[in-house]
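Structure record follows, encoded as structure tokens.
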Amino acid sequence: MKLNVGSAALVLVNSIPFSANATQLLLGENSFRYRYSEYSEDSIEEQNLASGSVERYKISIHQFSLEHVLNSDWALKLDALSETMSGASPWYVVEEDSSLKQVMTGATIEESRDDLSIRLFNIRDDSVITIGTNFSIENDYKSIGATLGSSLSFNENNTTVISSVSHSIDSIVPTDSELFPTRIDNAKKNVSSLSLGVAQVINSTTLFSYTMSFSSSNGFLSDPYKLAQVGDQILADSRPSSREHFSHTMKFRHHLPSINSTIHFDYNHFENDWAVKSQTFDFAFYWEPTYKWMIKPSFRFYEQSSAIFYNPVYDSERVDGFYSSDYRLSGFKARSSDIEISRAFKDFNLQLIVTDYRSMNRDNNLSEHPGLVSFNRFTVGITFKY
């Protein structure tokens, strides 16, 4: 395996989350990783509930990752995920006594999802080419996609240009469509994405990167399971059939040799042609008190504006016919914090991660959503090197 793939590329790839990093491959190491997570959403507060169950989603998640060097030029990475979920989901919003109330479904939703991602890396002295495909299967949803990526290092491997293109084709077949007249029988969606970035080694302890991304979605972009109150009618969730978004991401990494720690700071700005704008601030502190232990506290702040056609309830019909009371299209802010602890042994290491996520209204006016989600997640993992 050629190791001279660029200092900037190595550090940047090392900062990408579990499902995407290929650092071990670039270093010529084989590994297998397993993680199990329990995700639990907080029950909806009684004062925000109009009808339905207060119990929200609980999800059990299994993640597998295999990184294997095939020969001196090629490496393989497989990622698989299997999850099962149960509970109730927000359905639509009503106004009662001048207050917004969330109508929930019954706690009868039982769903599963299986994902598989396959990627091949062609590793040269100063470049990496990535070819990949991915599959996702749910009870009512199927997706297949492909991606092509590249990185090229120069300037004595201190500068790396990174690019990627991807495309996916999704099929939606909602369950129980024969029981609910507002649900479609089937539909399709296509998503194309493009990203271009640069990573620059500033000095022996500092790295900065910038990435610009564009994505275009076409087809059925509504949620077949959600409704909206329009005057005295309950209508199907209806959104435009196209969406384009831009995002800008900056990453800063700084190593502190005196305490064997690294500071990670990320900023992302996102906006789309549905008028949703968001910004995300991520801060993480990697501390290795000894060569066997790693402790990483991290914090994230997120804020977004609402879609131009979003409203929790509608007084009358819109000219364009678009309606959505989905809290994910509302204006809100959120904060999350987690702590990760890792212990290395001779041939494997163990990880423990605890995450707490809280979302909240941006202000107290009537347009804010009563069904915002908060959750906790507990993750344990093990990684073997071979």
Fill in: In the range 183-196, the residues that are out of contact with any Asp or Glu (no Cβ under 6 Å at 6 or more places or on another chain) and either closer than 23 Å to S215 by Cβ or in contact (Cβ under 8 Å) with a residue 24 or more places away in the chain (or both)
R183, I184, A187, K188, N190, V191, S192, S193, L194, S195, L196
Item to complete: Name the residue, out of F220, F180, F208, that is open to solvent by 40 Å² or more (accessible area, probe 1.4 Å), without any contact (Cβ under 8 Å) to a residue 12 or more places away in the chain and not charged (D, E, K, R).
Response: F180
Practice prompt. Please find, within the range 370-386, the residue that is most open to solvent (accessible area, probe 1.4 Å) out of those that are among the β-branched types (V, I, T) and in a strand (DSSP E or B).
Written response: V380
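Of D356, D320, which residue is under 25 Å from E55 (Cβ atoms) and loosely packed, with under 15 Cβ neighbours inside 10 Å?
D356 is the lone residue from the list that is under 25 Å from E55 (Cβ atoms) and loosely packed, with under 15 Cβ neighbours inside 10 Å.
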Practice prompt. Look through the range 223-262, keep the residues that are out of contact with any Ser or Thr (no Cβ under 6 Å at 6 or more places or on another chain) and of a type in the set (S, T, Y), and return whichever of them is surrounded by the fewest Cβ atoms within 10 Å (Cβ to Cβ).
Written response: S258
Fill in: Residues of the range 183-205 satisfying the condition of being of a type in the set (D, E, K, R), in a strand (DSSP E or B) and open to solvent by less than 60 Å² (accessible area, probe 1.4 Å)
K189
Item to complete: Give the range 54-102 a look and list any residue that's among the aromatic types (F, W, Y) and either over 21 Å from the mean Cα position of the chain (by Cα) or farther than 30 Å from L120 by Cβ (or both), or say none.
Response: Y57, W74, W91, Y92
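Please return the ranges of strands (runs of 3 or more DSSP E) entirely within the range 225-317 where 2 or more residues are over 30 Å from D185 (Cα atoms).
Answer list for the range 225-317: 242-256, 261-272, 277-290, 293-304.
The rows are residues; the columns are (1) hydroxyl-bearing (S, T, Y); (2) surrounded by 14 or more Cβ atoms within 10 Å (Cβ to Cβ); (3) closer than 25 Å to V191 by Cβ; (4) in contact with an Asp or Glu (Cβ under 9 Å, 6 or more places away or on another chain).
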{"site": "M104", "(1), (2), (3), (4)": "no, yes, no, yes"}
{"site": "A107", "(1), (2), (3), (4)": "no, yes, no, yes"}
{"site": "E111", "(1), (2), (3), (4)": "no, yes, yes, yes"}
{"site": "I123", "(1), (2), (3), (4)": "no, yes, no, yes"}
{"site": "F135", "(1), (2), (3), (4)": "no, yes, yes, yes"}
{"site": "E138", "(1), (2), (3), (4)": "no, yes, yes, yes"}
{"site": "L152", "(1), (2), (3), (4)": "no, yes, no, yes"}
{"site": "N155", "(1), (2), (3), (4)": "no, no, no, no"}
{"site": "N158", "(1), (2), (3), (4)": "no, yes, no, no"}
Discussion item. Modelled with pLDDT of 95 or more, open to solvent by less than 60 Å² (accessible area, probe 1.4 Å) and within 30 Å of F64 (Cβ to Cβ): is that true of S325 in this structure?
Written reply: no
Worksheet item: Within the range 199-258, can you find the residues that are more than 27 Å from K142 (Cβ to Cβ) and among the polar types (S, T, N, Q)?
Response: Q200, N203, S204, T205, T206, S209, T211, Q229, Q233, T249, S258
Response to the item:
Those residues of the range 328-353 that are within 22 Å of H68 (Cα to Cα) and open to solvent by 40 Å² or more (accessible area, probe 1.4 Å) come to a total of 5
Worksheet item: Here are S171, S166, S177: which of them is among the hydroxyl-bearing types (S, T, Y), closer than 21 Å to E138 by Cβ and in a loop (DSSP other than H, G, I, E, B)?
Response: S177
Discussion item. Just to be sure before I move on: is S278 open to solvent by less than 20 Å² (accessible area, probe 1.4 Å), in contact (Cβ under 8 Å) with a residue 12 or more places away in the chain and not aliphatic (A, V, I, L, M) in the structure I sent?
Written reply: yes
Worksheet item: Within the bounds of the range 284-307, is there any residue that is within 18 Å of D223 (Cα to Cα) and open to solvent by 60 Å² or more (accessible area, probe 1.4 Å)?
Response: no
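The values are calculated or read from the model by the stated rules, or taken from the named source; none is laboratory data. For clarity, every value in this text was computed on a predicted model and none was experimentally measured. Neighbour counts are summed over all protein chains in view; Cβ atoms, including those assigned to glycine, are modelled from backbone coordinates with ideal geometry. Just the protein is used for accessible areas: all its heavy atoms, side chains included, with ligands, DNA and RNA removed. Shrake-Rupley method; radii C 1.70, N 1.55, O 1.52, S 1.80 Å.
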